[in-house]
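A quick write-up on the structure given underneath.
The numbers here are math on the coordinates, done by the rules we state, and not lab data. Being a predicted model, the structure only gives us computed values, none of them experimental. Cβ sites come from the backbone with ideal geometry, for glycine too, and all protein chains shown count toward neighbours.
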Amino acid sequence: MKLLAVPAGHVTSKMPEMEGTAPNPVMAFVIQTAGETVLFDTGMHPHVREDAVGYWGGIARRHLVPVLPDDADVVSRLEAAGIAPKDVTLVLNSHLHNDHAGMNRYFPDSRVLVRQREWDHAITVMDDNSSGFVRNDFYDDSALPEFFDYESECDLLGNGVLTLVSTPGHTPGHQCLKITFPSGAQHILSGDAVYNAGQLDTGEPPAITWDRDVAVESVKRLAGLRDTGASVHVCHDPGEWHGVEKIQTVYEEK
Ligand SMILES: [Zn+2]
């Protein structure tokens with residue numbers, strides 16, 4: 001069983017948490033376990049290379065400026081590591097923002113599982129070009145994803161290996177993924193519940209929130225899981241992913 005990190009370009013930003021820092025990595029992750037190849041987040045749509053403002057709207061001017069080299073989109077990264085889109089059995093997102101769900105529609109043969117409350121929110125704002133939700137990233141009238149929902153936690157495969165942890169606040173349906181290896185070792189993928197690892201200590205929520213108070217509770221929840229011994233991988237933290245330029249193994253157990 002393996003957890004792989006998939007570096008998929010960067011964003012730069014004038015947001016307080018990100019300004020003056022190194023570019024913030026955009027990350028996806030693959031978990032290989034018992035016949036499943038699960039992709040958590042799908043990075044940015046390749047259109048951002050030619051016309052980021054046209055595709056993402058005004059937020060791409062200053063707020064969230066994408067950098068996506070030719071070989072760095074999620075599908076190219078996976079293919080370079082010998083993983084074709086059809087090999088991915090399950091696609092999930094921490095949330096549906098444009099740097100996390102950009103290539104959801106590139107996996108037509110996979111089960112794409114979308115949390116209902118995130119979808120309900122995203123589709124109401126996806127045509128507002130400052131919302132961070134881009135219709136073309138995840139919405140296809142003729143091929144809707146599979147919807148599901150839960151309150152606090154969801155045991156995805158029914159065997160305790162992959163647990164979605166509800167961490168709303170950044171968006172209404174934001175979720176982290178907790179991965180439990182055979183030894184009991186746990187790794188958690190943060191999505192945007194925090195933007196850097198330091199926020200787990202300060203309790204500071206992301207600057208962009210749908211509901212700040214709810215986001216603060218989610219940071220506490222994530223910090224609590226870390227305090228019980230889980231390794232938390234913060235998707236946009238430049239420190240954690242510095243120098244990671246192709247798919248690499250984060251953790252593995254036989
Ligand atoms: Zn986000």
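Data for the structure
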read-out	value
Length gained when the stretch VAL244-ASN129 is fully extended (0.36 nm per residue, less Cα-Cα span)	38.3 nm
Among LYS14, LYS220, LYS178, residue whose mean-square fluctuation peaks in a GNM of the chain (springs only between Cα atoms under 10 Å)	LYS14
Per residue, the convex hull volume that the Cα atoms of the range 142-211 enclose (Å³)	126 Å³
Phi to ³J(HN,Hα) by Karplus 6.51 cos²θ - 1.76 cosθ + 1.60 over the range 51-59, Hz, x for Gly, Pro	8, 5, 5, x, 8, 9, x, x, 4
Per DSSP, loop GluC sites (Glu not before Pro) in the range 1-104 with at most 13 further Cβ within 10 Å	GLU19
Nearest-0.05 FRET efficiency for ARG62 and ASP227, computed from C-beta distance (R0 35 Å)	0.45
Potential lengthening between THR202 and ASP120 on full extension [0.36 nm per residue; Cα-Cα distance subtracted]	26.4 nm
Only Lys, Arg (+1) and Asp, Glu (-1) charged, at Cβ; the range 2-252 dipole about Cα centre in debye	260 debye
Full-extension gain in nm, ARG111 to VAL216, via 0.36 nm per residue minus C-alpha separation	34.6 nm
Taking LEU68, LEU4 and counting other C-beta atoms within 10 Å, the order from fewest to most	LEU4, LEU68
Convex hull volume per residue for the chain, taking Cα atoms only, in Å³	116 Å³
Of LYS178/LYS254; LYS220/LYS254; LYS178/LYS246; LYS2/LYS86, those spanning more than 21 Å from alpha-carbon to alpha-carbon	LYS220/LYS254; LYS178/LYS246
By average C-beta atoms within 10 angstrom, highest first, the peptides 133-139, 118-124	133-139, 118-124
Largest-first principal axis extents, alpha carbons of the range 1-82, Å	43, 26, 16
